[in-house]
Amino acid sequence: MSSQTQSEAFESGSDFFDTHIAQLNRAMDKVKPPEHVRLILAEPKNEIIVNFPVMMDNGKYKLFTGYRIQHNNIMGPYKGGIRFHHDVTLGEVKALAAIMTYKCALLEVPFGGAKGGVTIYRHQHSDAEIQRVTRRFTHDLGNNIGPDYDIPAPDVGTNSQVMVWMMDTFMNMHNQSDKNAQRRVVTGKSLASGGSRGREKATGQGVVYAIQEWADENGFRIDGSTFALQGFGNVGSHAASILSKLGATLVAVNDHTGSVKNMEGINVRKLSEHCRSEGGVAGYPGAEDCSKMEFWSSECDIMIPAALELQIDAEVASVMNCKLVVEGANGPTTLDGEQVMIDRGIDCIPDLMANAGGVVVSYFEWVQNKRSEAWQLQEIDERLHFMMRRAYHEMRAFAREHECDNRTAAYAVAVSRINSVYNERGIFP
């Protein structure tokens with residue numbers, strides 16, 4: 001970890017968790033589950049923290065802190081990403097794990113919610129060091145993960161290669177006789193190592209499917225529209241590529257390196273090439289550099305935050321010049337920012353709905369591994385579209401019936417499903 005102490009790290013990230021609880025409580029007030037269900041869902045079932053040493057390339061050892069938060073598994077095995085980032089904290093991972101519980105319930109994916117991470121400055125380490133961190137973290141998690149118990153996936157700072165290292169480490173911790181049965185312990189793997197077609201673009205594809213449903217509902221044409229994007233990683237870049245093929249124009253982008261803007265349009269393919277060579281959007285020759293607030297105030301039809309949490313606060317929301325916000329990231333909007341958006345009449349497709357494509361296709365990958373099958377991309381896209389469309393219209397139906405915002409409606413649909421299971425199963429003993 002950095003100079004921040006471990007106890008301080010436990011406390012930081014609490015703003016995100018508190019924001020999540022406030023958003024959840026609005027839905028609870030609509031659904032009115034029994035007090036014991038509210039009590040159970042208020043905290044994770046398990047909070048796993050491991051401190052582990054890893055040898056660096058220079059032969060010295062460094063101690064890392066890793067987390068795996070298992071929020072709820074009443075609907076199925078724990079499921080959620082692994083994040084490698086210097087801001088990973090207990091509070092952040094608790095919030096992300098809880099969001100996964102409700103996301104799976106909303107989309108009717110038979111998984112529960114979990115999340116994990118390692119506090120690490122990702123770009124300060126070589127691939128060899130990242131491999132050793134990944135393998136040691138996986139080893140120390142031990143039987144706290146498993147193909148029918150808790151299934152990690154990629155998140156910020158991790159990718160298919162990290163998932164393959166996790167899978168290989170876990171497989172080698174088990175008997176040779178059932179070694180290949182452990183392949184589905186993670187999803188988001190490379191295609192060669194048991195991954196699924198369509199998984200890499202899944203979250204970005206889901207963002208676009210959500211936009212298409214909103215467009216159909218509101219008589220909006222995507223062809224000829226404009227959009228801006230915060231974050232140009234896996235989610236943002238794929239969403240931008242798919243939207244551009246549908247005729248939409250990217251006009252502004254912000255990431256950790258800076259912001260660029262071109263109201264005539266930014267070529268997504270060329271920007272992707274620039275980011276691969278330069279490490280970010282800053283300095284892209286096909287657009288002008290601008291400030292972060294100039295990015296947020298860009299005139300566009302659709303704004304897609306696809307980076308980290310708590311980015312759209314009241315100040316940002318007050319300058320946004322768009323019709324729709326689509327939350328490609330988890331928890332990108334603060335409570336104050338959300339209220340300003342509602343007051344200004346800016347529509348929002350919340351994270352629970354908008355970025356659910358990743359966990360849906362992760363579920364498809366898990367099923368394919370379990371059955372020793374390999375589905376074609378067309379089948380995966382069709383299945384994903386069906387599940388996104390169904391969840392979107394269930395969210396909208398609740399919002400209309402109860403006269404509430406989309407986020408409250410999305411949580412309410414999810415809580416209703418979880419509550420039904422608790423009512424049927426009861427609490428043992």
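Brief remarks on what is shown
- Residue-level check: of (1) under 30 Å from ASN180 (Cβ atoms); (2) in contact (Cβ under 8 Å) with a residue 60 or more places away in the chain, ALA414 misses just (1).
- Checked against the criterion of being touching a Phe, Trp or Tyr at 6+ places or on another chain (Cβ under 9 Å) and charged (D, E, K, R), the candidates ARG199, ARG221 yield just one match: ARG199.
- Taken over region 139-181, the criterion of being modelled with pLDDT of 90 or more and either over 22 Å from TYR67 (Cβ atoms) or not assigned by TED's automatic domain parsing to the domain that holds GLY112 (or both) is satisfied by MET171, ASN172.
- Taken together, the residues in region 143-166 that are among the β-branched types (Val, Ile, Thr) and not in a loop (DSSP other than H, G, I, E, B) amount to 3.
- For GLY286, the criteria (1) assigned to a loop (DSSP other than H, G, I, E, B); (2) modelled with pLDDT of 95 or more; (3) more than 15 Å from ASP301 (Cβ to Cβ) hold in every case but one, which is (2).
- Taking the listed residues ASN406, ASN369, the one that is in contact (Cβ under 8 Å) with a residue 24 or more places away in the chain and more than 13 Å from ALA210 (Cβ to Cβ) is ASN369, with no other qualifying.
- Filtered residues of region 205-259 (kept if assigned to a helix (DSSP H, G or I), touching a strand residue (DSSP E or B) at 6+ places or on another chain (Cβ under 7 Å) and of a type outside the set (Val, Ile, Thr)): ALA210, TRP214, GLY236, ALA239, ALA240, LEU243, SER244
- Count - residues of region 297-320 that are in a helix (DSSP H, G or I) and more than 19 Å from ASN330 (Cβ to Cβ): 4
- Within region 380-429, if we keep just the residues that are modelled with pLDDT of 95 or more and of a type in the set (Val, Ile, Thr), the residue that is surrounded by the fewest Cβ atoms within 10 Å (Cβ to Cβ) turns out to be VAL421.
- Criterion (assigned to a loop (DSSP other than H, G, I, E, B) and over 24 Å from PHE84 (Cβ atoms)) met by exactly one of GLU264, GLU294: GLU264
- Some residue of region 122-132 being more than 30 Å from ILE302 (Cβ to Cβ), in contact (Cβ under 8 Å) with a residue 40 or more places away in the chain, touching a helix residue (DSSP H, G or I) at 6+ places or on another chain (Cβ under 6 Å) and buried (at least 20 other Cβ atoms within 10 Å of the Cβ): no
The values are calculated or read from the model by the stated rules, or taken from the named source; none is laboratory data. The structure displayed is predicted, hence computed values, not measured ones. Cβ: placed from backbone, ideal geometry, glycine included. Neighbour counts: every protein chain shown.
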